[in-house]
1. Check Thr40, Thr22 and return the single one that is in a helix (DSSP H, G or I), of a type in the set (S, T, N, Q), within 16 Å of the ligand (Cβ to nearest atom) and surrounded by 15 or more Cβ atoms within 10 Å (Cβ to Cβ).
2. Taking the criterion of being within 18 Å of Val256 (Cα to Cα) and charged (D, E, K, R), would at least one residue in region 116-123 satisfy it?
3. Any idea which of (1) within 12 Å of the chain's Cα centre (by Cα); (2) of a type outside the set (D, E, K, R); (3) surrounded by fewer than 21 Cβ atoms within 10 Å (Cβ to Cβ) is the one His56 doesn't satisfy?
4. Listed residues Asp144, Asp135; which is part of a helix (DSSP H, G or I), of a type in the set (Asp, Glu) and surrounded by 18 or more Cβ atoms within 10 Å (Cβ to Cβ)?
5. Just a yes or no: is a residue in region 67-84 surrounded by fewer than 16 Cβ atoms within 10 Å (Cβ to Cβ) and farther than 30 Å from Ile161 by Cβ?
6. Here is a list: Glu177, Glu198, Glu184. Which entry is closer than 18 Å to Tyr134 by Cβ, loosely packed, with under 13 Cβ neighbours inside 10 Å, more than 20 Å from the chain's Cα centre (by Cα) and modelled with pLDDT under 95?
7. Of everything in region 5-19 that's away from the ligand (no atom under 16 Å from the Cβ) and in contact (Cβ under 8 Å) with a residue 60 or more places away in the chain, which residue is surrounded by the most Cβ atoms within 10 Å (Cβ to Cβ)?
8. Out of Phe255, Phe223, I need the residue that is surrounded by 20 or more Cβ atoms within 10 Å (Cβ to Cβ), under 30 Å from Gln158 (Cα atoms) and aromatic (Phe, Trp, Tyr). Which one?
Amino acid sequence: MVERPLTLMAVHAHPDDEATSTGGILARYAAEGVTTVLVTCTDGRCGDGPGGVKPHEDGHDADAVVAMRQVELRASCEALHVTHLETLGYHDSGMMGWPANDEPGAFWNTPVVEAADRLAELMRRYKPDVVITYDENGFYGHPDHIQAHRITMAAVEQTGIPAKVYWTTVPRSAFQEFGKVMQEMGVSWDEPDEPAQEMPELGLPDDEITTWVDTSAYGGQKFQSLAAHASQAENIFFLRLGEERFTELMGVETFVRVRDTTGAPTPESDLFAGLR
Ligand SMILES: [Zn+2]
């Protein structure tokens, strides 16, 4: 039997989502010789445009936004040494309730089975041992994040390939820490888009988190990855922290394990525990 390298697949909604919640693990596992596959489901057309033009402002040119964000995504992947980038190319659906939700080609408007079939094909090609996506609320309720969750879980069900599946999460204790830093910086934490109507409660109590991965040695790469997406206003806040403070705050990435065939005990500090 030919020994193949361990493989990690992260399924994200938009260009830039790979940076904040999984930039550290993508960099760390690549450095450890793991094959890393990033699947980005949408083209990010509802993001900020060149010059900071907002999606509902005149002069927001979706094609220009897509082109810019593709360049940024590739630069981010270079910073993280991602082995394979796969883009599914669905249209960004915008925030919940936006007219873009229902447009043809919008990810949210795409039948789950259809997109899951394409993702299942990628799982058959890359045979990931570990797959990562969001929880059923897409962490914070964005329709494209919810859809990424749905197609990933459907593709896992269909193929049965990954030994371990994780959802990204944030410990509730970290939010408190974060609030303090924000105050220090004199920043009020406003969501860049409309305030969400029905926000799900974010993150998990610390004792429900199964997996804590130390990625502090890769803080520089994670910061570079985020810096590649500096066109998006919500990333600028993090960049203002500076590399050192950013690494201190974001140097541990946390997950909840939802599928496991290895029997590795939890809490664990390695996504590949039980596999090597
Ligand atoms: Zn996103």
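1. Every option except Thr22 fails the conditions.
2. No - not one qualifying residue is present in region 116-123.
3. (1)
4. Values: Asp135 fails: part of a helix (DSSP H, G or I).
From the options Asp144, Asp135, the qualifying one is Asp144.
5. yes
6. Being closer than 18 Å to Tyr134 by Cβ, loosely packed, with under 13 Cβ neighbours inside 10 Å, more than 20 Å from the chain's Cα centre (by Cα) and modelled with pLDDT under 95 holds for just one of Glu177, Glu198, Glu184, which is Glu198.
7. Narrowing region 5-19 to residues away from the ligand (no atom under 16 Å from the Cβ): 5-9.
In the following step, the residues that additionally are in contact (Cβ under 8 Å) with a residue 60 or more places away in the chain were identified as 6-9.
Numbers: Leu6: 18, Thr7: 22, Leu8: 30, Met9: 27.
The extreme case among them is Leu8.
8. Phe255
The values are calculated or read from the model by the stated rules, or taken from the named source; none is laboratory data. Since we're looking at a predicted model, the values are computed, not measured. Neighbour counts run over all protein chains shown; Cβ positions are idealised from the backbone, glycine included.
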